[in-house]
Amino acid sequence: MEYGEFKEEIRKALEEFYGESAEVELAEPLKNNGKRHDAVIIRKKSGGSTAPFIYLEEFYQMYRDGGMDIEGCVRGIALSNEEGRCQPQAEEFFGRLLEWRFVRRKVYPALVSTEKNKELLAGLVSGRMLDLSVIYIIRHSTGGGALCSVKITRGMMDVYKIDEGQLHEQAMDNMKKDGYGFCELSDYIREKAAVDGGPGKEKPNGPEAGKMYVLRNRAGVYGAAGIG
């Protein structure tokens, strides 16, 4: 089965699986660097206003390799959907996303490639910095160490009734308290390998060890913004 047929079969199978309790939609969300990925959204008609994107490429790979049939893919997608649904504190966050008094302490700058994000930047509040663009995100802890972030659009600014200068000033004030520091690239890679299930034990040897660094913050997201 070709990929296009697979997506349509998955959509139909999910609609049958959920019946009248949910709406199933195929989507291609735009990510950083102009990348789009095929996904499915399952919006339950009761219990929560938000739903995660469940990306389909990995499920198709498993289907094509014979490791999972359509029924297995549906069960896997349904499980991923339940695991990815927002906890109550995240539901509150998304429900108050357009309240400036609520989100102002959660606003931070972030850096993205200007060249690779032209389509994304068209709808966002942004400024230029060399060959990069400064955008603004609302960052929120959802509990258990998990973070979610939302990019601030021009439409959101109309609701907030503030100008871009005020937004930038607030983001920079928040960033000052964000705990920035440098980490050796080799240490960062070992740390990530350990978290992701790799060995992460032996320190790399060679002339480049200890000469490259990663700028990061306590949250571990969009740390490059600290160069501003």
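The candidates Cys148, Cys73, arranged from most to least accessible area with a 1.4 Å probe in the full protein assembly, appear as Cys148, Cys73. Applying 1/(1 + (r/R0)^6) with R0 = 22 Å to the Cβ-Cβ distance of Tyr55 and Ser113, what FRET efficiency is obtained, to the nearest 0.05? After rounding to 0.05, the efficiency reads 0.50. Between the residues Leu167, Ala122, Ile138, the greatest Cα displacement towards the positive end of the dipole of segment 106-171, with unit charges on the Cβ of Lys, Arg, Asp and Glu, is found for Ile138.
In terms of solvent-accessible area of protein heavy atoms at a 1.4 angstrom probe, what is the ranking of Thr114, Thr153, highest value first? Kindly include the intermediate steps, with their values, before the conclusion.
Numbers: Thr114 25, Thr153 45 Å².
Greatest to least solvent exposure: Thr153, Thr114.
For the residue pairs Lys118/Lys161; Lys12/Lys45; Lys116/Lys151; Lys44/Lys151; Lys12/Lys116, alpha carbon separations beyond 28 Å are given by Lys12/Lys116.
Between rounded, prolate and oblate, where does segment 1-85 land on the alpha carbon gyration tensor, with a ≥ b ≥ c its root eigenvalues, rounded for a/c under 1.5, else prolate if a/b exceeds b/c?
On the way: a/c = 1.78, a/b = 1.14, b/c = 1.56.
Verdict is oblate for segment 1-85.
The values are calculated or read from the model by the stated rules, or taken from the named source; none is laboratory data. Bear in mind the structure is a predicted one, so any value in this text is a computation, not a measurement. Neighbour counts run over all protein chains shown; Cβ positions are idealised from the backbone, glycine included. Accessible surface is based on the protein model in full, side chains and every heavy atom, while ligands, DNA and RNA are left aside. Shrake-Rupley method; radii C 1.70, N 1.55, O 1.52, S 1.80 Å.
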